[in-house]
Amino acid sequence: MFWIRSFVLNNLVSAVRFATLALAVYILVALIALGLSFDPELAQTTSAKAIIGTVQTVQGPVEGVLKEFVPTRSDDLDLAPYIVLGALIAVLVVLLLYRNRLEWMLVHLHHERHEEAQEALRRQQAEEERVRLEKEAALQREREAQYRLDLQKVQQAAELAAAKAREEARLQTERATAQQVMLEAQRKVAEQEALRRIEAEAIRDAEAGARTRMQESPAPVKDAGGHTREELLEMMAQAKKQLDQQKKNLSFLAIDVVGSTKMKEGEEPALAQRDFIQYRKLVEKAIADNKGLKAAWTPDGVMICFRTVQNAVQAAQQVLNDLAHFNAHVKTLKADFVVRCGINAGSVLFDDAVPIEEITDRTIDIAGHMQKYAKPNTIYIGRHAIEGIRTASGFRPANTQVDGCEVYVWSPGARS
């Protein structure tokens, strides 16, 4: 629309300018001719005649029409040329005014066009500014999201490091405690061994001296400490009785993670350590829930002592049942945790101050062997241990023997 209006106004201005210029030239020529007509001598010249003739050719028809309708003579003076000339001057003034009006309209049109262009530029700049601000806001949001993600990673790393530090401190404390207990147990064992050696030597010396003296004299024979043979035998009987009193009927549960080394291959060490810490907490909860007396841990296995077979079986079943939730919602390693469990029971010489790893007894060895031969996620237990307990439901014969013991097996999902 602008270009059409601009084209029309430019052409009108050009036409009016040309008409104004042509009219002004003609009026000038007409004035010259009018002036020459007052001088007869100049009017007879060739140039004057040409000018006057041209003016009369143009104005003649107009003056003829004017003379027909308007009286144009006054005192022998023909006013028609003056009237026509005045009219032409008036037309010239009108044309000048109209040209000025057209030029103003053209300037106003260009001014409007400039204002529209400025407004469009301002809108474009505003849109660009809006887009720029949106991009900066999106970039800021991305930076904040990345910052939160980095902060979360740092917090997780710090939590893992703190957990590792706590676990190392706990292990160090356990090792220190175990070392102290071991030293104390070794001291007691050494004292008992020394006492037994002294008693044995005293008995041998007493018996030898008694035999010699009995041959020489019928009087009662006493050892170097003033004890007779009967007294020494009584002391031996009392010592054996005290040792027998320390024996207790206990149950032992052995648990081991199947393929623990392979599980850690290709995994982040910190995450692997975290998962095994969580697994240990799961087992320790089962120990506490079922009144475990003490436990001895290896890197991925544990031997636990319970007062009854009932407690040992319930603890093993709790571990196996809890592993389903643990593998689904707690652990982060790709491989699932799978364990083997072995249980045995019997009379064991038990001292609260002696760690399990320092107790040597066939009952404990068989529990470890049961675990070794058990299938993944099952419990192996000897028939002699499981007979007579109410949790025996769900166990079935395994059709195998371990260390001469007939084995029964239980697995999650077994019918009660």
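Quick look at the numbers
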item	result
Leading residue at positive end of dipole, the range 247-416 (Cβ point charges), from GLN278, PRO376, VAL348	PRO376
Cα centroid of the range 250-285 to Cα centroid of the range 79-122, whole Å	99 Å
Under-5 Å amide H pairs with LYS247, H placed in peptide plane, nonlocal only	PHE350
Where labels lie 7 Å past Cα in the beta-carbon direction, separation of ARG113 and TYR82 in nm	4.9 nm
Chain lengthening between ALA169 and ALA145 when straightened (0.36 nm per residue, less Cα-Cα)	5.1 nm
Neighbourhood charge, 12 Å Cβ-Cβ cut-off, centred on VAL16 and excluding it, Lys, Arg +1 and Asp, Glu -1	+2
Over 32 Å (Cα to Cα) - which of LYS281/LYS375; LYS153/LYS375; LYS153/LYS294; LYS248/LYS331; LYS153/LYS291; LYS262/LYS294 fall in this group	LYS153/LYS375; LYS153/LYS294; LYS248/LYS331; LYS153/LYS291
Simple Cβ-charge dipole of the range 247-416, Lys/Arg +1 and Asp/Glu -1, about Cα centre, in debye nearest 20	480 debye
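Every read-out reported here was derived from the displayed coordinates using simple, explicitly stated rules and does not represent laboratory data. Predicted, not measured: the structure shown is a model, and the values here were computed from it. Every residue, glycine among them, receives a Cβ derived from its backbone with ideal geometry; neighbour counts consider all protein chains shown.
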